[in-house]
Amino acid sequence: MGIVALHGTGCLAEDVVVKVNRAGITRDITMRNLYEKFHGETWREDIPTRIQSHVEGHVRLQEVEDVYETGSQPVFEVKAGRKTLRGATEDHE
């Protein structure tokens, strides 16, 4: 299942762990859990949610406007030694 954090990127699989910053505190969270925080378990709306993002050649925090499901899509896997990293769809920017 693809899930997008709306800030100008493509899709990430629901089990991908991302770093989210809220109120100056950074935590690891799956895309599924992030989706649930935006649609159900509500976070306080007056506290911005920021996620690491590639912006103009640098990794920076960018505010998340929304997170939504995009349905089932094939995702890429990258093997690095004994680890397999998976998560981005073909249209991920």
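The values are calculated or read from the model by the stated rules, or taken from the named source; none is laboratory data. Note that the structure is predicted; figures quoted are calculated from it, not measured. Here Cβ is always computed from backbone atoms with ideal geometry, including for glycine, and neighbour counts include all displayed protein chains.
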Tally of residues being without any contact (Cβ under 8 Å) to a residue 24 or more places away in the chain, assigned to a loop (DSSP other than H, G, I, E, B) and surrounded by 12 or more Cβ atoms within 10 Å (Cβ to Cβ) across region 40-80: 2
field: Answer residue from region 12-39, given it is among the aliphatic types (A, V, I, L, M) and in a helix (DSSP H, G or I) and is modelled with the lowest pLDDT among those
entry: 31
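With of a type in the set (Ser, Thr, Tyr), out of contact with any strand residue (DSSP E or B) (no Cβ under 9 Å at 6 or more places or on another chain) and modelled with pLDDT of 75 or more as the only criterion, which of 42, 49 stands out?
Numbers: 49 fails: out of contact with any strand residue (DSSP E or B) (no Cβ under 9 Å at 6 or more places or on another chain).
The unique qualifying residue is 42.
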